[in-house]
Every structure is written in structure tokens, then in C-alpha cells.
């Protein structure tokens with residue numbers, strides 16, 4: 001039976017960590033049973049390269065040293081791999097325990113538990129159940145978008161990417177080439193900020209509108225990465241939250257609570273209707289139409305026309 | 001408690017865990033299986049499968065010993081801790097992904113308005129210490145960020161009611177019926193998935209309900225104790241809206257400008273139409289609640305079925321237009337057909 005990968009990785013890690021001098025590939029092959037069974041040199045070499053990458057992925061720093069005979073040796077030295085001393089009290093430990101549970105994405109959930117386990121091994125106190133300590137709060141970070149993981153890695157490694165992106169109102173996706181800077185989750189949706197190479201400008205993309213695969217490009221970034229990347233402000237302006245004007249509407253008494261909550265002025269007209277002044281930003285027309293016959297737009301004329309236009313489309317069926 | 005995300009057995013995760021496990025076990029001869037599993041955030045079965053692998057491992061170069069670790073199912077014994085030298089047994093530095101996952105989550109949680117101040121302070125202290133210990137590995141964590149949304153005052157009251165086990169009175173807005181209703185609820189837990197929700201037992205409907213905090217118009221903590229019946233908590237990782245198989249089907253056809261519908265509504269199918277449109281089939285316990293959607297879509301889409309839903313949207317639009325044709329007083333009209341509440345959908349962040 002083939003030897004489980006975790007066993008092979010574990011043996012390689014312990015060999016590299018336990019040795020005082022660099023070990024050659026040959027020595028490692030003779031020491032680890034899974035490598036002895038690997039068969040041809042080719043399949044051993046491939047396996048060994050992949051294993052080193054995997055161990056680096058989980059944080060092991062593997063030094064490569066060439067000896068006098070020109071033979072390459074490997075070693076995971078104590079100084080470069082030891083966690084610096086860290087002391088956390090029970091409260092701090094419980095708080096981190098809660099934080100480590102919020103990811104719903106497999107890779108990050110695994111990485112967060114891994115971090116906590118390393119801290120446990122370093123003496124992180126463990127008596128308190130994080131949920132007991134924090135009451136009933138259960139924050140969760142949702143990640144449903146397939147594009148998330150490749151983009152996260154591309155942001156981490158500062159690698160340009162290419163993907164097909166369909167704008168909300170476009171019939172078809174278009175190819176985009178992007179230097180990815182940062183990912184941000186706001187109101188449960190993920191967004192990417194980066195440099196759009198074809199447009200030569202900064203752009204924000206919503207991950208759920210990326211269609212197909214995210215492809216890696218080998219080239220380097222061409223534009224400077226700004227110190228502060230602002231995603232939320234851009235998205236808020238899409239959502240019409242940056243209103244700079246106001247509108248006057250009539251609203252049936254008792255209806256439209258969210259409109260009332262946003263209103264700067266409410267006047268009771270006494271005939272079963274109220275008059276409201278509300279902020280007028282992008283998307284207000286579509287929102288007002290949702291209230292059907294309970295809303296009538298008075299001003300401005302432009303908004304009134306937009307709403308009538310939308311209502312006509314629905315009335316025609 | 002929400003279920004953990006289901007994770008397939010992953011060799012990297014398992015290796016990472018076993019490396020920490022040996023350091024941990026070396027210091028704790030006779031550690032209890034249950035305690036270790038809890039400390040590592042894994043099931044006892046997962047731990048036992050690690051303990052099956054470890055005796056096959058060692059610093060085996062030049063005939064070093066394999067780790068002689070075994071368990072009687074209750075305690076874990078390591079008979080040759082010296083098999084692992086000091087070097088191989090030290091706690092390991094955090095990887096970039098590990099630092100990112102923990103730090104981004106910690107920063108996000110620390111912004112939750114409902115977090116107790118003492119907990120927030122503890123989390124901020126811990127975050128700073130982890131940043132220092134992670135060193136360079138912490139750098140990439142700035143490229144990922146998460147903001148939880150929640151209404152501070154409402155959150156604090158709900159949180160307090162839960163910890164004191166008291167009943168709440170709320171005025172709550174249901175978008176589907178466009179009305180604010182009063183109800184008494186026994187809160188069970190707070191959940192943040194994008195927006196923040198309280199899951200509660202609703203005394204009015206005698207059923208489990210989920211309320212979005214930004215739709216709570218008013219809140220008061222009552223003197224009565226909360227007495228929610230024992231109910232099994234759902235795993236909400238697949239989303240809060242989980243239509244049932246027996247719910248009626250709604251078919252919507254949208255043009256390119258209405259494709260966002262497929263992003264916001266859990267649906268059974270979304271088939272491409274010519275010119276970039278979609279035919280979306282979804283289920284909801286209450287199709288009438290989708291009248292708002294039909295109105296919102298305008299020329300970007302239409303309800304194909306059920307017919308009464310399509311009719312009610314058309315009727316509402318015609319009624320609304322009448323007020324613009326006759327610009328006097330738009331009152332004194334019978335109100336349109338209203339749906340029954342579902343209270344879960346919100347289309348306001350459509351974006352473009």
C-alpha cells in the first residue's frame with residue numbers, strides 16, 4: 001500500500017528539522033521509507049520537489065547549501081524556524097480562539113487552525129471555551145466565490161492575473177488583465193482592487209462576476225502598489241450611498257419604513273400620506289419602484305421620469 | 001453552535017498539525033485524548049488518526065528511532081520523547097498564510113460593535129503580539145480585509161439579552177410586506193454573515209426566525225426570562241436563506257442588467273439566454289414576497305411564473321402610474337395586494 005502523503009511530509013520535516021548539517025537528496029532518499037518506495041529517479045525527484053514546496057507552504061524555511069563536492073544539501077535550521085517567544089494570557093487566548101473560527105473557506109480555515117495549533121504548542125492557554133467567553137456571538141466570513149483562492153495567492157505573491165469579467169449590465173464577459181492589490185469583504189461580498197492593465201487605471205472587481213478560471217501571469221507588477229487601497233468607498237458609491245442631492249416624495253402613511261429611516265424631513269399631510277425629503281444617490285429610482293403604489297416622486301423631475309419609465313416597463317408586463 | 005466547515009482530509013493541514021502535536025505532547029506525558037483534541041480544535045477521531053501516523057515518523061536519518069507514541073483511547077503516552085531532539089521539537093514559526101488567516105480574522109472580529117470592551121482589548125493585545133511573533137510573515141495580511149456590518153446599539157442589547165437570558169421586544173421591518181410589526185422574541189444567538197442577524201424563537205409565530213439587526217426599528221429588553229424551546233441549531237455556513245424542497249417555484253427571466261438576481265437569490269438553476277440574459281428558477285415559501293423584485297427589475301426582467309405574481313406586479317405598477325397621470329392628491333386608493341413576510345431579502349446593494 002502506498003504510504004500516506006502526510007506521513008511522508010512529516011518524516012521529511014522531522015529529518016530536516018532534526019539534522020545539524022545539511023542532508024543531501026541521496027541521504028534523504030535513503031532515510032525515508034516513502035522515498036525508497038518511490039521507484040524511478042524521476043518519480044522520486046518530482047515527489048521530493050513537491051514535498052519541499054508543500055513544507056514551505058506550511059511555513060518551514062528550508063535552507064539549500066552546496067558542499068565542497070558541489071552536492072546540494074537541505075536543512076531546516078533552528079533559528080529560522082523557531083517561533084519567537086510569545087506569551088498570551090487566558091483572555092487573549094480565548095479571543096484568538098474565537099477569531100480562528102470565523103473563516104468558512106477551507107484553505108484559510110486550515111491556516112487559521114494551524115496558526116492556533118502552533119501557538120498551543122508554544123504554550124497558549126487553553127482552558128476557556130471561546131464561545132463561553134464571548135457570549136452568543138458567532139461571526140462568520142463567507143467565501144463562496146471560486147475566484148477567491150487564486151486571487152488571494154496572487155495578492156500574496158504579487159503576481160498579475162487574467163480573468164473574464166462580466167460587468168453587471170454587460171451581456172458578455174470581457175477579458176481583463178489585472179495586477180491584484182487587495183481583497184476586501186464588505187456586506188458579505190468579496191471585492192478585488194487592483195491595476196487594470198488595459199485601462200491603465202485602478203479598478204474594483206466583484207468576485208462573483210468573474211467567470212471562468214483566474215489565470216496567473218508570470219510577469220511582474222508594472223504599476224506601483226498604493227499604500228492605502230480603498231475598496232469600500234468605491235463599492236459604497238455603486239450602492240448609491242454617496243448621495244449628494246435630495247429628493248421629495250410622497251409616501252403612504254405606515255409604509256416604507258426604510259425610506260423614513262433615511263429621511264431628513266417627514267411631514268404628515270393628514271390625508272393618509274406623508275411627504276419626505278430623502279437623499280438622492282445612484283440606484284434610488286430602482287429602490288423607490290419597489291414600493292409600488294405607496295410612493296409618488298415629486299422632485300426632481302429627472303427622478304420622477306426615471307421612476308415612471310421603470311413603472312411603465314413593468315405595467316406593460 | 002454553528003457546525004465547522006466540512007474539510008476534506010488534507011495532507012498539508014495534517015502535517016502542520018502533527019508537527020505542533022509532537023511539540024505539545026512532548027511536554028505533557030499522559031495527556032488526555034479529549035483535552036488534546038479540544039486544544040487543537042479537532043475531533044477525537046482526527047486526533048486518533050494523527051496518532052496512527054506518528055509512530056511511522058521520526059528523524060530517521062542514520063537509524064534514528066521512530067516516535068513511540070500510543071494511546072489507550074483515553075490518554076496518550078510517548079515512550080521515547082528523546083527520539084525527537086530539541087531542534088525538531090520546538091514550536092514552529094507562523095507561515096504567511098497562517099499569519100494572514102489569523103490576523104485578518106482577528107482584525108475583523110475586533111471591529112464588531114457588539115464585542116465586549118474587555119474582549120476587544122484582549123483581542124487587540126493578542127493581535128499585536130501575534131504580529132510581532134509572525135515577523136515578516138505578517139506582511140501579506142494587509143492584502144486581505146473584512147468588515148462586519150452591524151447596528152451597534154441593537155447589537156449590544158441583543159448580546160446582553162442573550163447573556164442574561166431575557167426576552168426582547170422589537171419593532172421589526174419586513175421588506176416583503178413593507179411593514180413594521182411588533183413582536184416578542186427569545187434570542188438564541190447572533191450570527192454575522194455579511195450582515196448581522198439574531199436567531200430567535202418568535203413568540204408571535206411560535207417558530208424559529210432570523211432577524212437582521214439593521215431592520216430592527218426599536219428594541220427593549222424585557223423583564224421576563226427568555227424561554228426558547230430546545231431546538232437544534234442549523235449550520236448556517238451555506239447561507240441564511242435555505243429554501244425547502246416543497247416551496248413553490250418561481251421562474252424569472254432577466255436581461256444583462258438583471259443578472260444580479262442570480263447573485264443575490266439562492267436558486268435551483270440559472271440558464272443562459274441569448275444576448276446575455278438568464279432564466280432563473282428559484283424556490284421561496286412565499287412567492288408574493290417577490291413582487292418587490294418584479295417591480296425593481298423594470299425592463300431588466302420579468303416574472304414568467306407563477307402567473308398571479310406576474311399579475312400582481314403589473315397591477316401595482318399600473319396603480320402607481322395612475323398617480324403620475326392624475327397629479328392631484330395620490331391618496332384614497334385601495335392598497336395593492338401585499339405578500340406575506342419573509343423578511344430575508346434585501347436588494348439594495350445591487351451595485352453595477
>> Just to be sure before I move on: is residue A:8 surrounded by 15 or more Cβ atoms within 10 Å (Cβ to Cβ) and either more than 23 Å from residue B:92 (Cβ to Cβ) or touching a residue at least 40 places away in the same chain (Cβ under 8 Å) (or both) in the structure I sent?
In response: yes
> Hey, residue A:105 hits all of (1) more than 7 Å from chain B (Cβ to nearest Cβ); (2) touching a strand residue (DSSP E or B) at 6+ places or on another chain (Cβ under 9 Å); (3) modelled with pLDDT of 90 or more but one; which does it fall short on?
Replying inline: (3)
> Of these, A:136, A:171, A:147, which one is modelled with pLDDT under 95, at the interface with chain B (Cβ under 7 Å from one of its Cβ atoms), crowded, with 18+ Cβ neighbours inside 10 Å and in contact with a helix residue (DSSP H, G or I) (Cβ under 6 Å, 6 or more places away or on another chain)?
Replying inline: A:136
> Mind checking which residues of the stretch B:131-144 are under 25 Å from the mean Cα position of the chain (by Cα) and buried (at least 19 other Cβ atoms within 10 Å of the Cβ)?
Replying inline: B:140, B:141, B:143, B:144
>> Considering only residues that are more than 23 Å from residue B:255 (Cα to Cα) and touching a residue at least 40 places away in the same chain (Cβ under 8 Å), which ones fall in the stretch A:188-211?
In response: A:188, A:190, A:191, A:192, A:193
> Do the conditions hold for residue A:202, that is, is it under 18 Å from residue A:159 (Cα atoms), in a strand (DSSP E or B) and over 14 Å from the mean Cα position of the chain (by Cα)?
Replying inline: yes
> Among the residues of the stretch A:285-296, is any part of a loop (DSSP other than H, G, I, E, B), touching a helix residue (DSSP H, G or I) at 6+ places or on another chain (Cβ under 7 Å) and either surrounded by fewer than 21 Cβ atoms within 10 Å (Cβ to Cβ) or not assigned by TED's automatic domain parsing to the domain that holds residue A:204 (or both)?
Replying inline: yes
>> Restricting to the stretch A:207-218, count the residues that are touching a helix residue (DSSP H, G or I) at 6+ places or on another chain (Cβ under 7 Å) and at pLDDT 90 or above.
In response: 3
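Give the number of residues within the stretch B:59-87 that are at positive phi and either facing chain A (nearest Cβ under 7 Å) or in a loop (DSSP other than H, G, I, E, B) (or both).
Final tally of qualifying residues: 1.
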> Tally time: how many residues in the stretch A:24-47 are surrounded by fewer than 23 Cβ atoms within 10 Å (Cβ to Cβ), outside any helix (DSSP H, G or I) and either within 34 Å of the chain's Cα centre (by Cα) or within 11 Å of another protein chain (Cβ to nearest Cβ) (or both)?
Replying inline: 1
> Mind checking whether some residue in the stretch B:173-189 is surrounded by fewer than 23 Cβ atoms within 10 Å (Cβ to Cβ), within 30 Å of residue A:232 (Cα to Cα), out of contact with any helix residue (DSSP H, G or I) (no Cβ under 9 Å at 6 or more places or on another chain) and at pLDDT below 95?
Replying inline: no
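Looking only at the stretch B:196-216, which residues are in contact with a helix residue (DSSP H, G or I) (Cβ under 6 Å, 6 or more places away or on another chain) and at the interface with another protein chain (Cβ under 10 Å from one of its Cβ atoms)?
B:196, B:198
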> Just checking, which of B:322, B:317, B:294 is at pLDDT 90 or above, facing chain A (nearest Cβ under 7 Å) and more than 28 Å from residue A:207 (Cα to Cα)?
Replying inline: B:317
> Quick one: which of A:283, A:272, A:292 is within 11 Å of another protein chain (Cβ to nearest Cβ) and at pLDDT below 90?
Replying inline: A:283
> Residue check: is residue A:204 surrounded by 14 or more Cβ atoms within 10 Å (Cβ to Cβ), modelled with pLDDT under 90 and either in the same structural domain as residue A:267 (by TED's automatic domain parsing) or closer than 26 Å to residue A:175 by Cβ (or both)?
Replying inline: no
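Residues that are touching a helix residue (DSSP H, G or I) at 6+ places or on another chain (Cβ under 8 Å), at least 2 per element: which strands (runs of 3 or more DSSP E) completely within the stretch B:257-324 meet that?
Those strands (runs of 3 or more DSSP E) span B:278-283, B:301-305.
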>> Out of everything in the stretch B:27-43 that is surrounded by 13 or more Cβ atoms within 10 Å (Cβ to Cβ) and touching a strand residue (DSSP E or B) at 6+ places or on another chain (Cβ under 7 Å), what residue ends up being nearest to the other protein chains (Cβ to nearest Cβ)?
In response: B:36
>> Filter the stretch B:75-87 down to the residues that are closer than 25 Å to residue A:80 by Cα, surrounded by fewer than 18 Cβ atoms within 10 Å (Cβ to Cβ) and either in contact (Cβ under 8 Å) with a residue 24 or more places away in the chain or touching a strand residue (DSSP E or B) at 6+ places or on another chain (Cβ under 8 Å) (or both) and list them by number.
In response: B:81, B:85
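Does residue A:14 satisfy the criteria of being within 16 Å of residue B:88 (Cα to Cα), part of a helix (DSSP H, G or I) and at the interface with chain B (Cβ under 8 Å from one of its Cβ atoms)?
yes
The values are calculated or read from the model by the stated rules, or taken from the named source; none is laboratory data. Being a predicted model, the structure only gives us computed values, none of them experimental. As a convention, Cβ positions derive from the backbone with ideal geometry for all residues, glycine included, and neighbour counts pool all protein chains shown.
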